[in-house]
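Structure, as C-alpha cells:
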Amino acid sequence: MSKILIIEDEEAISDLEKDYLELSGFEVETTSRGDQGLQMALKNDYDLVILDLMLPGIDGFEVCKRIREKKNIPILMVSAKKDDIDKIRGLGLGADDYMTKPFSPSELVARVKAHMARYERLVGAGQKENDIIEIRGLKIDKTARRVYINGEEKNFTTKEFDLLTFLAENPNHVFSKDELFRRIWNMDSVGDIATVTVHIKKIREKIEYNTSKPQYIETIWGVGYRFKI
Ligand code: CA
C-alpha cells in the first residue's frame, strides 16, 4: 500500500486530507510540526509528502529543500496564500506540485494519484532507460529536446541543449571548459573555449532563479563546471 506523509499544523485540514486519502486506499501518517515531518520523511519510506508552508519548528520551504537533498519522492506543497505559491516556484526548491488552500479533497486525491503514478513509472522504468531527466524543478525531455523549469518550457539552442543534457547526465562530475568544448562541439581543443562560458551563461539565465547563486550548474573556480544533484 502506498504511504503518504502529511505535514500540516491545521488539524481540520490535516484530518480532511487524511480521511479522503485513506478512503482512496492510501496509508497516511500525519504530523503537525515541520521538524518532526522532516525527520519522518528522511527516516521512513513514503511514496509522497503533502507539505504545508507555515509550520511550527521548521517552515515548509526548509523542509522541502532538505527532503529534496536526500530523496526524490514527490512533494506536494500547500499554502493559504497564492503569493507564497509564486515564491515557492521562484525558489525552485524542487516541489513537484503546489495547491492553494482551500482546495477540494477530490482535487487533492487526483493530484496525489497522478504524481504517484508518474513517480512509479520513473522508478520502475529505471532512470537510465527513460528519456526524461528530472532534477528538482528542471525537466529535460531528451526525445523531444525540450527543457522545462517548474513546468514552464524554455527555448534552448541545439548546443545549449546538448551542453545542459551532457552535464545533467553526468552529475557531480567536474568538467573543464576544454573537455566540454571537445565533447559538445566535437572538435579538438583548438577552438574558442570562451564559447563554453557564453553557453553556460545563457543556460543559467534560462534555468536558474538566481544566476549569481546557481543551484544546477556550479562554477568550480579554476577548473570548470559541475552539475549539482
Ligand atoms: Ca500552517
| task | Work out from phi, with θ = phi - 60° and the Karplus expression 6.51 cos²θ - 1.76 cosθ + 1.60, the ³J(HN,Hα) of each residue of segment 22-33, listed in order in whole Hz, and give x for Gly and Pro. | result | 5, 4, 8, x, 9, 8, 10, 10, 10, 8, 9, 10
| request: Treat the count of other C-beta atoms within 10 Å as a stand-in for reagent exposure and order VAL63, VAL223, VAL49 from fewest to most. | output: VAL223, VAL49, VAL63
| field | Choice from SER176, SER104, SER14 with maximal GNM fluctuation in the chain (Cα, 10 Å cutoff) | value | SER104
| Projected-area mean, the chain, by convex hull of Cα positions, square nanometres | 13.2 nm²
| query | Say we join alpha carbon atoms closer than 10 Å with springs in a Gaussian network model of the chain; which of LEU42, LEU167, LEU16 then has the biggest fluctuation? | reply | LEU16
| said: Taking the beta-carbon count within 10 Å as an exposure proxy, list HIS173, HIS199 from fewest neighbours to most. | reply: HIS173, HIS199
| request: Could you list the square roots of 5 times each eigenvalue of the Cα gyration tensor of segment 3-126, that is, the equivalent ellipsoid semi-axes, sorted largest first and rounded to whole Å? | output: 19, 17, 15
| request: Pairs of Cα atoms under 8 Å, at least six residues apart: use those to get the relative contact order of segment 4-111, whole percent. | output: 25 percent
| remark: Ranked from fewest to most other Cβ atoms within 10 Å of their own Cβ, ASP97, ASP45 fall in the order ASP45, ASP97
| said: Can you tell me, using C-alpha contacts under 8 Å and at least 6 residues apart, the relative contact order of the chain as a whole percent? | reply: 13 percent
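Taken together, the values in this text are just the output of simple stated rules run on the coordinates, not laboratory data. No experiment lies behind these values; they were computed from the predicted model shown. Cβ: placed from backbone, ideal geometry, glycine included. Neighbour counts: every protein chain shown.
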